[in-house]
Amino acid sequence: MPLTSLNDEQLSAATAPLGHNLIIASAGTGKTSTIVGRIAHLLHSGVEPSSILLLTFTNKAAGEMIARLQRYFPAKVVNKIESGTFHAVSYRWLKEIYPNLALKQPAELKTLFRSIYEKRNFERMNLSMQPFSATHMYEQYSLYQNASLETFDVWFLEKYPEHEPVMDVYLDITHEFEKEKIEYGFASFNDLLLRMNSYLDENSIPFTEVLVDEYQDTNTLQSALIDTLKPKSLFCVGDYDQSIYAFNGANIENIATYSTRYPNAEVFTLKTNYRSTAPILSLANRVIERNERIYPKKLEVGREVKAYPPRLLMFNDLFEQYQSIAGSIKKTHVPSDQIAVIFRNNSSADGVEASLREYGIPCKRKGGTSFFDAKEIKFLLDLMSLLVNPKDMMAFIHVFEYARGVGSALSKEFFQCFIHFGEGRFMQGVLYPKVHDLPKLNPNKNVQLGLFDDDQEIGSAARFKHMDLESALYSHPLLKHPKLTNDGVTFFKEFYTLMRDIHSLEKPADILKAAIQSKLYTGIVELLSTQRGRLKTGEVDEEKKKQAKERIQRKARLLLDLSRQYKELRRFVNAMVLGGNELSEGEGVNLLTVHASKGLEFPEVYVIDLVDGRFPNRKMMSSIEEERRLFYVAVTRAKDKLYLSLAKFDRVKKIDYKPSQFLHEAGLVKGEFVEPEVKEKKPKKVKEEV
């Protein structure tokens, strides 16, 4: 049973009485085993599985815990446990209340936000200051939703009091943004939690215990949601030394003030590390103990294996560093997929990746551009989203923006045309539009659309008579749109054909296969591969284009393979939207940002570019304490061998580097570190993650 494999400190936590329990689980101390043991204890104690809620920060983590429980309990029991990320669980609950709710990625909602922002004319206001851009305003609004329970204007003006003259305009933009999201059924990741919070204020969901993994990463909004659930018992597992998401709104005060917010709370500490060797843990302890100790602890070694001391690698320049690391990886006997190269900044990965490929060593990157952010994958998922929710205007716009001469504004008009002539049903408007006895969009003059007013003001479908169109297409009211061109008609023809072929299919794999083989997608592949094969001179390198096309097709095949695991299209699309950023493509050496490495472990780890200015990153850091926690997370990914690497000089930028202060603190570099005279800056950009 799960409990028999636990050590004394884990068992004490797992069998704690119902109440408010906080488990400080340091790196490699078996937090997953403790959580699984806790759920097993609850089930053995007679707690109804449907009254247990497990909240994690990745769907993969929840899946692994549920899979472990299924080794000891019947699937019909374990499957009753509610589990997943804060967003995934909220999405499931909200979909039962609002069936047409469409979850949108930040990039899509940023487009909608920008379209609202750009209608405002700041120039007429004769301002003495420069208003923030649409992108920055969206990022600030998103951060506010994660980090504060105050009103937006109060929160915003505390940070930027000089923007008070335009605060009313900013508020008006956010109000219109919220109104449009509700009108079209859109929701951001933040909206899922906000709307779930509002629902729970009036409707209770009785849980005997709520378990929260990675509690140190919760933000103010997630903490409020936990409180609104009002569970009889709360079991939170986390480590303040691994709190590294302040840039995304994570509030370390949630874990730091747990005992004061819940006066009867019990705090348990897991301190035996089963991952790393003694020298690696000693180095990690020397550095992290410089941070304020909220809960006293010190990692102890739980492995008895041959120990290799961490090695400091110093090189004259960046290129030499990357080449040497690639050469060392080439010589090692450790399988490439069990090696990680970890970096603070994405720019560090480019040199390593290029050097590895030069040696013929396969590698995969996580923490940069996601597989699911690739245009060719987003296009396919937008098509699938339209089938799941035909009112998803943003998905339609993203699809039709690929038509030559059709931008987002015109795409929006086309969408409204299909809804209108489908009597509110998108698919009917595309395939079987009703044009008889149907009122015009506007009986007077439709200024916004310039469409369907009278035969003299609209375009004539006769201008497309030379094109090879079937009668159903030729008589379609869209062809009367005055701004529709031959290219637009060709794109619509291919879209119409695909929708006709797939709208009655049910299996996600069948639908996706038909989409990938369609003329519509073939055209997208041709367009994207041509763009990626184009040289700076404007000419197209055919070999480069061919390679780009092969990569696109490989990604499409991977998506098709993923779809075969699902029987329902809705479940497939939801899984891809919610969990897409957890999946990585390819095989080989793992190239990871520190944030992407969290929760993982590898026999051999290289932490690179450990120079002041890059790690710690003094331009982007929120505090030196958080940068120190990032270093702690990076080094504790290593099980057996740890290499800490730096270069003294960048030949391209002509910059001299000094060793990171963390190397001084670790005792690997002699002498005291001299603090540079640079003011700490807060990050300008916000990134949303699930």
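The values are calculated or read from the model by the stated rules, or taken from the named source; none is laboratory data. Predicted model, so just to flag it, every value in this text is computed and none were measured. Don't worry about glycine lacking a Cβ; one is built from the backbone with ideal geometry, like all the others, and counts go over all protein chains shown. These accessible areas exclude ligands, DNA and RNA; they are computed on the full protein's heavy atoms, side chains included. Shrake-Rupley method; radii C 1.70, N 1.55, O 1.52, S 1.80 Å.
What does the charge add up to near P508, with Lys and Arg as +1, Asp and Glu as -1, over the other residues with Cβ less than 14 Å from its Cβ? Can you show the working numbers first?
Working: positive: K507, K513, R564, K567, R570, R571; negative: E506, D510, D561, E568.
Cβ neighbours under 14 Å give a net charge of +2.
Which angle from 0 to 90°, rounded to the nearest 10, does the C-alpha axis of helix 59-69 make with the longest principal axis of the chain?
60 degrees
Just to confirm my numbers, what's the Cα centroid distance between segment 458-532 and segment 286-312 in Å?
Each part's Cα centre sits 61 Å from the other's.
Taking the dipole about the Cα centre of the chain, with the C-beta of Lys and Arg at +1 and of Asp and Glu at -1, give me whichever of V669, L200, M314 is farthest to the positive side.
So the residue furthest toward the plus end is M314.
Roughly what angle does helix 408-421 make with the longest principal axis of the chain, taking Cα atoms, 0 to 90 degrees, to the nearest 10?
So the helix axis and the longest Cα principal axis differ by about 60 degrees.
I'd like to compare 507-515, 599-607: which one has the highest average count of other Cβ atoms within 10 Å, and what's the full order after that? Could the numbers behind the result be given before it?
Values: 507-515: 19.4, 599-607: 21.3.
Top of the packing list down: 599-607, 507-515.
If I take R0 = 22 Å and measure r between the Cβ atoms of N7 and T257 in this structure, what FRET efficiency does the formula 1/(1 + (r/R0)^6) give, to the nearest 0.05? Before the final figure, lay out the partial values.
Working: r = 28 Å, r/R0 = 1.29.
After rounding, the FRET efficiency stands at 0.20.
List every residue whose amide H lies under 5 Å from the amide H of I655, counting only residues 5 or more places away in sequence or on a different chain, with H placed 1.01 Å from N in the peptide plane.
Under 5 Å from the amide H of I655: D650.
Any idea what the dipole of the chain comes to, in debye rounded to 20, about its Cα centre with Lys/Arg Cβ at +1 and Asp/Glu Cβ at -1? Display every interim value, and only then the final one.
Numbers: 93 positive and 90 negative charges, 364 e Å.
With only Lys, Arg, Asp and Glu charged at Cβ, the dipole is about 1740 debye.
Tell me, what is the FRET efficiency for N346 and R463 to the nearest 0.05, using R0 = 41 angstrom and their Cβ-Cβ distance as r? Numbers along the way, then the final one.
Numbers: r = 49 Å, r/R0 = 1.20.
Rounded to the nearest 0.05, the efficiency is 0.25.
Once neighbouring chains are kept in place and the probe is 1.4 Å, which whole percent of the accessible area of the chain is contributed by carbon and sulfur?
Percent of accessible area from carbon and sulfur atoms in the chain: 50.
Compare the peptides 151-163, 639-651, 549-561 by average per-residue count of other Cβ atoms within 10 angstrom and give them in order, highest first.
Numbers: 151-163: 14.2, 639-651: 20.2, 549-561: 16.1.
Most protected by this proxy first, the peptides run 639-651, 549-561, 151-163.
For L54, enumerate residues with amide H under 5 Å from its amide H, sequence gap 5+ or separate chain, H modeled in the peptide plane.
Amide H neighbours of L54: E82, S83, G84, L211.
How big is Rg to Rh over the chain, alpha-carbon atoms, Rh as the Kirkwood inverse-mean-distance radius?
Values: Rg = 27.8 Å, Rh = 28.1 Å.
Here Rg/Rh amounts to 0.99.
How many nm separate the modelled label positions at N79 and H136, each set 7 Å beyond the Cα in the direction of the Cβ?
Calculated label separation equals 5.2 nm.
Need one value: the accessible area of I66 in square angstrom, 1.4 angstrom probe, rounded to the nearest 10.
Looks like 20 Å² after rounding.
Hey, if you put +1 on the Cβ of every Lys and Arg and -1 on every Asp and Glu Cβ in the chain, which of S26, S148, M621 ends up farthest toward the positive end of that dipole?
Of the options given, the answer is S26.
For every helix of n ≥ 4 consecutive DSSP H residues, a contribution of -39,500 (n - 2.57) applies; sum these over the chain, divide by its total residues, and give [θ] at 222 nm rounded to the nearest 500 deg cm²/dmol.
Values: 29 runs with 311 residues, N = 690.
Estimated from H runs of four or more residues: -13500 deg cm²/dmol.
Determine the gain in length on full extension of the stretch D227-V267; use 0.36 nm per residue of separation and subtract their C-alpha separation, reporting nm with one decimal. Let's see the in-between values first.
Working: separation 40, 0.36 × 40 = 14.40 nm, distance 1.84 nm.
That pair, D227 and V267, stretches by 12.6 nm at full extension.
Give, rounded to the nearest 20 debye, the magnitude of the charge dipole that segment 48-99 has about its Cα centre when Lys and Arg contribute +1 at Cβ and Asp and Glu contribute -1 at Cβ.
Numbers: 7 positive and 4 negative charges, 35 e Å.
With only Lys, Arg, Asp and Glu charged at Cβ, the dipole is about 160 debye.
Spelling out what I want: for every residue of segment 105-118, take phi, set θ = phi - 60°, compute 6.51 cos²θ - 1.76 cosθ + 1.60 (Karplus), and round to whole Hz; glycine and proline get x.
Once θ is set to phi - 60°, the couplings for segment 105-118 become 6, x, 4, 5, 6, 5, 5, 5, 4, 5, 5, 7, 4, 6 Hz.
Q517 to M129: extension gain in nm, 0.36 nm per residue of separation minus the Cα-Cα distance?
Values: separation 388, 0.36 × 388 = 139.68 nm, distance 5.27 nm.
The Q517-M129 span can extend by a further 134.4 nm.
Kindly report the accessible area of the chain per residue (heavy atoms of protein chains, probe 1.4 Å, no ligands, DNA or RNA), in Å².
Working: 32070 Å² over 690 residues.
Using a 1.4 Å probe on heavy atoms only, each residue of the chain averages 46 Å².
Please list, ordered by chain and number, the residues whose modelled amide H lies under 5 Å from the amide H of K639; skip anything fewer than 5 residues away on the same chain.
Correct list: F602, E604.
Which pairs, out of K598/K639; K391/K493; K104/K483; K80/K271, put more than 23 Å between their alpha-carbon atoms?
Details: K598/K639 14 Å; K391/K493 20 Å; K104/K483 29 Å; K80/K271 32 Å.
From K598/K639; K391/K493; K104/K483; K80/K271, over 23 Å: K104/K483; K80/K271.
Projected onto the charge dipole of the chain (+1 at Lys/Arg Cβ, -1 at Asp/Glu Cβ, origin at the Cα centre), which of I325, L591, Y138 gives the Cα projection farthest towards the positive end?
Of I325, L591, Y138, it is I325.
Calculate how steeply helix 278-288 sits against the longest principal axis of the alpha-carbon atoms of the chain, using the helix alpha-carbon long axis, and give the answer as 0 to 90 degrees to the nearest 10.
Approximately 70 degrees, to the nearest 10.
Pulled fully out, how much extra length does the chain show between D337 and D201, if you take 0.36 nm times their separation in residues and subtract their Cα-Cα distance?
Numbers: separation 136, 0.36 × 136 = 48.96 nm, distance 4.68 nm.
The D337-D201 span can extend by a further 44.3 nm.
Using Cα pairs under 8 angstrom and six or more residues apart, how large is the relative contact order of segment 109-201, in percent? Can you show the working numbers first?
Working: 39 pairs, mean separation 31.5, N = 93.
The value is 34 percent.
Which distance in nm do the two modelled labels at Y432 and N100 give, with both placed 7 Å along the Cα-to-Cβ direction?
Between Y432 and N100, the label points sit 1.9 nm apart.
At 10 °C and 1.306 mPa s, grab the translational diffusion coefficient of segment 149-224 from Stokes-Einstein with a Kirkwood Rh over Cα pairs, rounded to a whole number in µm² per second. Provide the component values of the computation, followed by the final result.
Values: Rh = 15.2 Å.
Once the numbers are plugged in, D ends up at 104 µm²/s.
Suppose each label sits 7 Å from its Cα in the direction of the beta carbon; what would the R425-D541 distance come out to in nanometres?
In this crude spin-label approximation the distance works out to 5.1 nm.
Go through segment 232-263 and name the chymotrypsin sites (Phe, Trp or Tyr not before Pro) that are in a DSSP coil and have 13 or fewer other Cβ atoms within 10 Å of their Cβ.
Values: sites: F235, Y240, Y245, F247, Y258; in loops: Y245.
Hits after loop and neighbour filter: nothing returned.
Report the Cα centroid-to-centroid distance between segment 49-74 and segment 144-181 in angstrom, as an integer.
Here the answer is 38 Å between Cα centres.
Give the accessible area for T58 in Å² (nearest 10); use a 1.4 Å probe, count only protein heavy atoms, and leave out ligands, DNA and RNA.
Approximately 50 Å² of T58 is accessible to the 1.4 Å probe.
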